[in-house]
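Every read-out reported here was derived from the displayed coordinates using simple, explicitly stated rules and does not represent laboratory data. What you are looking at is a predicted structure, and each value in this text was computed from that prediction instead of being measured. Glycine gets a Cβ as well: all are built from the backbone with ideal geometry, and neighbour counts include every protein chain shown.
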Amino acid sequence: MSILKGKRIVLGITGSIAAYKSCLIIRELKKRGAEVQVVITPAGKEFITPITLSALSQNPVISDFFSQRDGTWHSHVSLGLWADLMLIAPCTASTLGKMAKGIADNMLVTTYLSMKAPVFVAPAMDLDMYCHPTTKENLDKLKTFGNIIIEPESGFLASGLEGKGRMQEPVEIIRSIEDYFLCHTNSELKGKKILVTAGPTYEKIDPVRYIGNYSSGKMGFAIAESCAARGAEVVLVAGPVSLTCSDGIRRINVESCQQMYETTINEFPSCDAAILCAAVADFRPDFVSNKKIKREKDKLCLELVPTTDIAAALGEKKKDGQILVAFALETDNEEQNAISKMRRKNADFIVLNSTRNPGTTFRSDDNRIVIISEPGKKVYPKKPKTEVANDIVDELAARMNHQP
């Protein structure tokens, strides 16, 4: 069942070419069981018709204060009390300015000023408009009001230019809203502090080369988001990846195993649990050149030495009441190797995944895991990493709450 089932959403649409994406937003909200009331500006109707929006939302579209001449009118106050959330997508530079200054000259801005529920804003405009100091000032002011800004992405724009200003894709907008409701309705980890490691580590050979692996960080980031959505305070120690995380997660970027080790050793004592999902390099070059190594010989011989074992170090320092979760990526004898690792590292349970499962692990959006602990194992089917993360955090939460 979707977290959005039964939620009442006011969708504000302004005069942007990105208005066509509002249809996809409405469709996804309705599929998840939400009730949608569209409020559109006069300029918005130049880009998409109220008939289309009404058909998709199954509600009449509101645009004007007075729709007839019989004394009836649309109450912006009632909408502000009715809604569980207001989303303005797309939001033009003009509407941003009106919202920031309180210029209530249309039904959408008046509804915004009457809104009692959280407000999400998805800007959409050309890159020069988005980069203008006025726009930045207005966005900063809206943030101080408590509005949640869904940052636009970089891409091809209607002007023919390419840059930042393209409205975030509907699926990402919906995900932001779902994450918000999850965070504010699910509090089983409230008051808990969770340390999560994610991504690869890079071990330098010289200033331009390194030893690394194929980890994308997707699994670890999904775990961090799942913990945060359940009310936990999350510290995410991330290797060199290009992923982003929610503002409520404290992210610490590192590069090498040694940096990750020092950070986790410093953070772990104040945490209730640690989930070690990072693909940490097991070896590093014994010698790191301070200059680029030239191609002067047929062979380059590197002498590798073991890196610091982060899981073992945390396992030794683990206190009563703390929970340690390790990961094992195996190519053969999977379960035996995972059980051995769990015991050697003093982990409470270990998450096993295998390179022999196609379409999982590195660089994939899916994973297939087995959770192993001393009582036994739980085998899960292949599924998206966001759902796998929930399975792992379910296991953690059950242990933290002393459930069987």
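Overview of values
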read-out	value
Alpha-carbon Debye profile of region 39-165, log10 I(q)/I(0) at 0.20 Å⁻¹	-1.25
Sequence-distant residues sharing a close amide H with residue 150 (under 5 Å, placed H)	121, 122
Sparse-neighbourhood loop sites, trypsin sites (Lys or Arg not before Pro) in region 297-341 - DSSP loop, at most 15 other Cβ within 10 angstrom	297, 299, 319
Top positive-direction residue, dipole computed over region 261-372 with Cβ charges, set 359, 321, 301	301
Under the Karplus curve 6.51 cos²θ - 1.76 cosθ + 1.60, θ = phi - 60°, whole-Hz ³J(HN,Hα) for region 102-112, x wherever Gly or Pro sits	x, 8, 9, 9, 8, 5, 5, 5, 5, 5, 4
Nearest-20 debye value, region 30-172 charge dipole, Cβ charges on Lys, Arg, Asp, Glu	300 debye
Filtered chymotrypsin sites (Phe, Trp or Tyr not before Pro), region 115-145: DSSP coil and at most 14 other beta carbons within 10 Å	145
Charge dipole magnitude, Cβ of K and R +1, D and E -1 - the chain, Cα centre, debye nearest 20	100 debye
Antiparallel %, DSSP beta bridges [both residues in the chain], to 5	30 percent
Where only C-alpha atoms are counted, convex hull volume of region 75-132 per residue in Å³	73 Å³
Global geometry of region 139-280, whether rounded, prolate or oblate, following the gyration tensor of its Cα atoms and the 1.5 cut on a/c	oblate
Which of 380, 9, 152, positive extreme of dipole for the chain (C-beta unit charges)	380
For region 227-384, projected area of the alpha-carbon convex hull averaged over all directions, nm²	12.3 nm²
Dipole magnitude of region 147-238 about its Cα centre (Cβ charges: Lys, Arg +1; Asp, Glu -1), debye to nearest 20	280 debye
Degrees separating the helix 385-400 axis from the principal Cα axis of the chain, which is the longest one	70 degrees
Note, ³J(HN,Hα) from phi for region 27-32, Karplus 6.51, -1.76, 1.60, rounded to Hz, x at Gly and Pro	4, 5, 5, 5, 4, 8
Global geometry of region 1-70, whether rounded, prolate or oblate, following the gyration tensor of its Cα atoms and the 1.5 cut on a/c	oblate
D (Stokes-Einstein, µm²/s), Kirkwood Cα radius, the chain, 1.002 mPa s at 20 °C	90 µm²/s
